Every structure is written in structure tokens, then in C-alpha cells.
């Protein structure tokens, strides 16, 4: 449990003043609150006997009232009101700060978990599915962890103080009756230890089921076009229903166990009240206990119920929150594939040759290299093509240039400086990257291109759109650049998505442009116009293309052929096409496919 507290401490220490206030005010508020029933005790006994109770506190209040010419019953009544007001005001202050801290912690948990997830590499998103990550940042935070981290813990703290001070007051009234009242406590402790492990397993199972349920939703809505195209609505409905039923059953199991424990806590203390009523009534009848003391004792016994209920809730919620913290810690423990490692004065001049020396890449869980000892040089301002069959390592190779993944062997340099010695910001701002499937967001065309870069003028934006061969089509959209393109760009075509992704890369005027098979949806005329514009406006830009388009391959300065993560051939198109090479086979197949189309 210590590791869980240390995890929470990193958030607590950011708002120590609030926690200090809660720690100091809570016992003061409890002291005022537990003093109130004694006023009832003193008042009832004085009215019955016309004598001041044999109690230091009662005598003090009576003497204080006498100074202001008040009878003891009036001084007790005024004290009751004053104590109640002070206790209520303190309670409001404590509750307000708890509520504020709950919301603040919820925001911090979400923000930190999101920041953590965005620093991870592709292997993280293979292990943690989208729905699972969403669950960890929503359900696990709002409904469970953020409440427990402040209100849950401080209600437990308040409950412990309430139990302690209440029992102290009860002992001052009657020690034997107090033993009857606190007798169920060992039973409740036993119940907790029996139920704790069962609860943790059930909540862990529930969180996993919620994650799978959200995965089904995300997959269905993300692939809705495919679902519609293949008339898969019925199968998706069945899949959703199955996931919902599994989640429902897990929730019912958790709620049942929670309800059983809550009931045991509540009913055991209600039994305790019944015992007190019987034993106390008997003592009053035998004149061994005054009516006032029995009245206050009943108040204290009732007040023990709710603090003990809060203690029981804490014990239950602590297991539930421990599962949520474990899930966050699991995400945090996932190692980053790429870490910032900048030498002083590294600079940001990335317009230079790119050198690969014995570069390899693999994931820790794999037994073979995805990229295997690649050595090559890409000249500044040149256009090179990377070709090869599916699974040959092309995309992982280009992903190493913007350091989306880190080489596990060898060295990559731009000029004379190692790639990892540039800051990630400088490196990635100098690279335009268009992945195989352009990722678009539910936003306007303008915002999808700019991606939050506020330093880009409208002139450069329009230039990038024109070079990407998208200008004429944007003019036809109802709101131009402000047109909302829907989830993942569902309202525009595949070719428009690719050109929008290209405009996003070009608007930063990069030194290096990486295109991962991102012109496959363009016709040859549009693609030819695109390359003509690119070479005119960015003559010094280094372009690295993953493509099998025959027309594009003919125009490149050099071609690298990948197979099983290795460069097996390299050279200009004219050099490779005139020999029996792997490239010649790829080129001829591509030419044939284009002719068939």
C-alpha cells in the first residue's frame, strides 16, 4: 500500500496548504460536534433535578451563564446553539475544500495520465487499446480515484476522530455501556480482512470489462464505413450486446459484494443501538443512570454508526481505488521508446546529409530485428524512394528519422551530429511527415492543417494548400477552410485526406519531407503536378518516399530496396531496371497494376 500512497503524494504535495487546512480543521470541527449532545445531557438532568450536573464542563457553562445573569438551562441552550453554529461553519469549510480538491485531483490525474500516454511509443498502443486508455482516464478517475484521494481519505480521518472523541465522551458517561456500544468493532475488522481480497479481484475484473466494452464502441464507430459497406450492423449489435452483458454482470457482482459489506456494517451497529436502548433503559429504571446521560449516550451511539459506515466505505473504496492506481502505474511503468537527450548547444540546423551506420531496430519482446544493420546516406536536397514488399521494414525505417522510434543499434546522423542529440522539438519541426493513413481530427480544414501552430501566416497556409493540389477543391467546400470534416475526415475522399495531410506537412516548410505511401489515392496527373510544384518551391528539401508508383520511382534520385529489414539493392532507376533485380520486378508489377487500372 506504501507505493500507492507515494503515487498519490506526488499530487498531494502540489496543494499542501489545502491538505494542511483539512488536517487541522477536521479535528476542531469534530470536537465542537461531539460536545453538542452533552448540552442535551446537562439540560435534561437540570430540568429534572434543578441541580447542575457533577461535571467540570457543565459547571463551567453554568458559571459562565451566571456572569451574564442567565439560568443554567438558558446557558446550556445558548451553548448548544453556539456549538452547533461553529460546528456547522467548520463543516462547510471542510466540505468545500474537500470538494474543490476532488475536482483538482481529478483534473491532475487526467492531465498527467494523458501526458504520460502521449510520450509512449507504438508498443504502448499495441498493449493498451484505445478503449482501455479512455477508461483509465475517465471511469477510473471520475467515479473512483479522485473522490477517494481526498474526500474518501478525509472522511475516514474524520470518522476515526469522531469515533475516538465519541468513545471518550461515552466513557466519561458510563464505561460499561461503552463496552456494549463498541463490542461489534472486532467483528467489523474481521469482515474487512475477509472481504478485501474478494473486492479487489471483483473491481479489477470490472475495470477490465469496462475497458473491453469501450474498445467495442471505439472500434465500431471508427470503422463505421466498413460496417456499413459489408452490412455488418447485426454482427456489431451482437458484439456490443455481448460486451454490455459481460460488463453488466461484472458490475452486478461488484455491487452485490459492496452491498453485503455495507449491510453488515450498518446492521451490526443498529443491533448495538438496540442493546444500548435495552441496557440504558434498565439502568435508568434502577436509577444508576440519569435520563440526560441516557439521552446523550443514545446520540453518541447513533453517531458511531455513520463514522463506522465511513470507515467501512473507506476500506471498500481503498481496494477499488488501489485497482485504479495500479492501472495508472502500469501505464507509467511502460518505458518510453524515445527520450529527450540534448547536448548543450546542439543547435537546430537539420539541412544536411542523413547518415545511417549499422542501424537496427526491434521491440524488446521480438526475437528478430525489424530493421537489421542498415547503412546508407541520403544526400541533402535529394529525393529518394524506399521500396519493398509488405513487412520489409520500410515504415519503421522512416519512423526513426523523426525519432518516433529509437534505433536499438547503430547510429543515425544529420551532418556530423547524432540524431538523438537534437532536441525533439527542433528535429520534428524541421521534418514534414505524412503517414500511410493520414490522421485527421474532428475539426475544420484550417485547424487540421495548422495543428495548433500559431506562427504560420495565411500566406504560407495558402501556399501549402496550393502545392498539395487541394486549393480548387477547398474553394468548392461550403465554408472553405472553416469546413468541418467530421470524425477522422469522414466527409472528404481518400485523395483529399492524403493531400490535406501533405498540406499539414508542407505548411512548416520542412528541411526533410517523409511520405509513407501517402499518394496512393491520387491519380497520376495530380501526383505529377504535386511533384512539379514541390521541386520548384523547395529545391533544397530532402524527400524520402515510400512508394511503388512507377511514375514517381522514375523521378527519384536514388532507390533503396528493403527485404526483411535489410537494404538488398540501391541505385538510380535506370541502373536497377536494366538488370534482373528485385527492384525491376517491383517496378514491372507496379506498371502492370497501373495499366490495368
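The values are calculated or read from the model by the stated rules, or taken from the named source; none is laboratory data. Since the structure is predicted, the reported quantities are computational estimates derived from the model, not experimental observations. Counting neighbours? That spans all protein chains shown, and the Cβs are built from the backbone with ideal geometry, glycine included.
Which of the numbered conditions does residue 438 fail, given that it passes all the others? Conditions: (1) modelled with pLDDT of 80 or more; (2) closer than 24 Å to residue 221 by Cα.
Here residue 438 meets the rest and fails (1).
Hey, can you tell me all the residues within the range 3-22 that are closer than 17 Å to residue 314 by Cβ and loosely packed, with under 12 Cβ neighbours inside 10 Å?
5
Which count do you get for residues in the range 254-288 that are in contact (Cβ under 8 Å) with a residue 40 or more places away in the chain and either buried (at least 17 other Cβ atoms within 10 Å of the Cβ) or over 19 Å from residue 191 (Cβ atoms) (or both)?
Residues that pass the stated criteria total 13.
Which one of these is closer than 18 Å to residue 558 by Cα, in contact with a strand residue (DSSP E or B) (Cβ under 7 Å, 6 or more places away or on another chain) and not in a strand (DSSP E or B): 405, 374, 384, 398?
The unique qualifying residue is 398.
Since residue 465 meets every condition but one in (1) buried (at least 20 other Cβ atoms within 10 Å of the Cβ); (2) part of a loop (DSSP other than H, G, I, E, B), which condition does it not meet?
Here residue 465 clears every test but (2).
Could you say whether any residue in the range 313-327 is closer than 20 Å to residue 183 by Cα and in contact (Cβ under 8 Å) with a residue 24 or more places away in the chain?
Within the range 313-327 (the criterion being closer than 20 Å to residue 183 by Cα and in contact (Cβ under 8 Å) with a residue 24 or more places away in the chain), the answer is yes, since at least one residue qualifies.
Which one of these does residue 412 not meet: (1) buried (at least 20 other Cβ atoms within 10 Å of the Cβ); (2) touching a helix residue (DSSP H, G or I) at 6+ places or on another chain (Cβ under 6 Å); (3) under 20 Å from residue 541 (Cβ atoms)?
(1)
I'd like to verify a number: residues in the range 429-460 that are buried (at least 19 other Cβ atoms within 10 Å of the Cβ) and assigned to a helix (DSSP H, G or I), how many?
4
Among the numbered conditions (1) at pLDDT 90 or above; (2) over 16 Å from residue 566 (Cβ atoms); (3) more than 36 Å from the chain's Cα centre (by Cα), tell me where residue 415 comes up short.
Unmet for residue 415, out of (1) at pLDDT 90 or above; (2) over 16 Å from residue 566 (Cβ atoms); (3) more than 36 Å from the chain's Cα centre (by Cα): (1).
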